[in-house]
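Novice: Here it is, the structure, as structure tokens.
The values are calculated or read from the model by the stated rules, or taken from the named source; none is laboratory data. Model, not experiment: these values are computed from the prediction. Counting neighbours? That spans all protein chains shown, and the Cβs are built from the backbone with ideal geometry, glycine included. In case anyone asks, the SASA skips ligands and DNA or RNA and just uses the protein heavy atoms, side chains included. Shrake-Rupley method; radii C 1.70, N 1.55, O 1.52, S 1.80 Å.
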Amino acid sequence: MSRGNGPERAAGARWRPRRLIGGLRTRLVVTFVVVALISAVTATALAYRDARTAVLQRTQNTAVNDLRKRVTAVAADFDLPPDQRALSRLAAKVSDGIGARLVVVRYQDLVATSDTLADTRDRISTELRAAVHTGKGARFQRVMWRGEPYLTVGMPVAYADGDRRTSGLEVYAITDLRAERDDTAALLDSVRAGTAPVVLLAAVLALLAAGTVLRPVRKLSRATRELATGDLGSRVAVTGHDELADLARTFNETADALQASDAELRDQEAKARRFVADVSHELRTPLAAMTMVATVLEEDADQLPPDAARAARTVGAETARLSRLVEDLMEISRFDAKAARLNAGETDLAETVRASLALRGWTDRVRARLPEGVRAVVDRRRIDVIVANLVGNALRHGAPPVTVTLATVTGADGEWLTLEVADHGPGLPPEARERVFDRFYKADAARTRGAADDSGQGSGLGTAIALENARLHGGTIEVADGPHGGAVFTLRLPARRTEGGAG
């Protein structure tokens, strides 16, 4: 490092003691430690969650499969209607075959338990009994009883005549989950024990990094202080080719420019300060007033005159519409940038569609024809977006009844899954059908604010986003007139499945 104006520099420089508390070194160390701590805690929480989920899922699957197999084997020769002794024998046989779990057998008003001294009332909930009584498959529920976790699995016994009629006989198996709880707790303790070494290592690395970074920063700091006291000949030595070297080089160039045109720069700096201060002052008042007025109008809309209340609500509604439009534009931009990715997994499409309808409260407004067992490898979130757009448009712009039909179609180009959404409204004219998937396209007044709108607010991006999601799956969406009027949107997806997946 070279210094200019030696006597003046020595007289003018004020050497300040190094800050230990609140300085950059402390902040770097604290940042490193906090990041390491957050990472360790996050990793611990994720490990505990995943381990607990895996252990419980394995236990649930084992319990359900064991009970189903044992009941199928034992109930084949069981005569109905049973008496109390026959029920007790059945409970004992089922319990012996599934690892001596506590088994409860119910038939109408008769109840038998494999362990007559066990209290099962609070371990078999009313909700589970209702689900088993009305269902056709195994149901399970985790319960806490006297502070301890248990898994209760129940299933109805069906007649073996091929039509799967329930016999009225219900079997429940209660499994103790304390061992699984202890296993996951032990894993959490072991992961937590590794947090302290990670934090200590992070602190050591932070100190080393701080020393490497702060050494040239301290040199630059001294030169900056000299420059601030009027020593325009102060310079720093440029070593290396990293960001700090660029900073030193920039500092020297700045010092050269300051030394060449000190008076001009001081004048420009003063003008810049005044300009920033004036702009900040002028903008602060109107911005604060606009925010306050908007808030007051929305809160007091009910007390305003009708026209003013309508205007206040319009401001709120249009603001919400703008927010949704921005979200749609961001989603479209992801597709344009080829940044959209599928998070695909084998999924029951009927269940996915039902969940989408139920989430939006449309179950009672839509006729759903969703056969069971239709599975495919899809991204559930993107399928939900497609269903929400197509069904939402049919409900808003069509007329009831709105029907949703899931089917499997085999053609010359292979096997496809189709999801058809039909309404009985005025339908779409030919020119609208050709452009309904265009961005920002809006149909005529027959379909209110635009058939291509998934929000009901006229953005014209809904069906465009739905089509992009379908194409991302290798499929498409087609639109046509219904045989009895209305519009029919058909989602076509290739029937891809994972290895060994069910059809």
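Novice: Quick test for you: out of L20, L80, pick the one residue that is surrounded by fewer than 17 Cβ atoms within 10 Å (Cβ to Cβ), touching a Ser or Thr at 6+ places or on another chain (Cβ under 8 Å), at pLDDT below 80 and in the same structural domain as L110 (by TED's automatic domain parsing).
Specialist: L80
Novice: Mind checking which residues of the range 83-99 are of a type outside the set (S, T, N, Q), open to solvent by less than 20 Å² (accessible area, probe 1.4 Å) and touching a strand residue (DSSP E or B) at 6+ places or on another chain (Cβ under 8 Å)? Spell out the reasoning first.
Specialist: Start the filter on the range 83-99 by keeping residues that are of a type outside the set (S, T, N, Q), which leaves 83, 85-87, 89-94, 96-99.
Now narrow it down to the ones that are open to solvent by less than 20 Å² (accessible area, probe 1.4 Å): 86-87, 90-91, 94, 98.
If the condition is that a residue be of a type outside the set (S, T, N, Q), open to solvent by less than 20 Å² (accessible area, probe 1.4 Å) and touching a strand residue (DSSP E or B) at 6+ places or on another chain (Cβ under 8 Å), then L87, L90, A91, V94, I98 are the ones that fit.
Novice: Tally up the residues in the range 196-248 that are open to solvent by 30 Å² or more (accessible area, probe 1.4 Å), of a type outside the set (G, A, S) and in a loop (DSSP other than H, G, I, E, B), please.
Specialist: Qualifying residue count for the region: 7.
Novice: Taking only the range 121-144 into account, find how many residues are farther than 18 Å from P156 by Cα and open to solvent by less than 30 Å² (accessible area, probe 1.4 Å). Give the derivation first.
Specialist: Of all residues in the range 121-144, those farther than 18 Å from P156 by Cα come to 121-122, 142-144.
Checking the rest, the ones that are also open to solvent by less than 30 Å² (accessible area, probe 1.4 Å) come to 143.
Result for the range 121-144: 1.
Novice: So, one more: Just to be sure before I move on: is V55 within 30 Å of S88 (Cβ to Cβ), out of contact with any Leu (no Cβ under 8 Å at 6 or more places or on another chain) and not hydroxyl-bearing (S, T, Y) in the structure I sent?
Specialist: no
Novice: Taking the criterion of being touching a helix residue (DSSP H, G or I) at 6+ places or on another chain (Cβ under 8 Å) and free of Cβ contacts under 8 Å to residues at least 40 places away in the same chain, would at least one residue in the range 117-139 satisfy it?
Specialist: Here is the first cut: in the range 117-139, the ones touching a helix residue (DSSP H, G or I) at 6+ places or on another chain (Cβ under 8 Å) are 138-139.
With the extra rule that they be free of Cβ contacts under 8 Å to residues at least 40 places away in the same chain, the set shrinks to 139.
Yes; the residues of the range 117-139 include at least one that is touching a helix residue (DSSP H, G or I) at 6+ places or on another chain (Cβ under 8 Å) and free of Cβ contacts under 8 Å to residues at least 40 places away in the same chain.
Novice: Another one. If you take just the strands (runs of 3 or more DSSP E) that sit entirely in the range 109-182, which of them hold at least 3 residues that are under 25 Å from D50 (Cβ atoms)?
Specialist: Of the strands (runs of 3 or more DSSP E) lying wholly inside the range 109-182, those with at least 3 residues that are under 25 Å from D50 (Cβ atoms) span 139-145, 148-158.
Novice: Can you name the residue in the range 29-76 that is surrounded by fewer than 18 Cβ atoms within 10 Å (Cβ to Cβ) and among the basic types (K, R) and, of all such residues, is farthest from A158 (Cα to Cα)?
Specialist: If we take residues in the range 29-76 being surrounded by fewer than 18 Cβ atoms within 10 Å (Cβ to Cβ) and among the basic types (K, R), then R49 is farthest from A158 (Cα to Cα).
Novice: Under 8 Å between Cβ atoms, at least 6 apart or on separate chains: pull out the pairs that start in the range 396-408 with a residue that is in the same structural domain as T490 (by TED's automatic domain parsing) and end on any residue that is of a type in the set (G, A, S) and in a helix (DSSP H, G or I).
Specialist: V402/A394; L406/A350
Novice: Please go through the range 49-76 and give me each residue that is closer than 17 Å to T166 by Cβ and assigned to a helix (DSSP H, G or I), ordered by number. Let's see the steps before the verdict.
Specialist: Step one: filter the range 49-76 for residues closer than 17 Å to T166 by Cβ, giving 67-68, 71-72, 74-76.
Those that are closer than 17 Å to T166 by Cβ and assigned to a helix (DSSP H, G or I): L67, R68, V71, T72, V74, A75.
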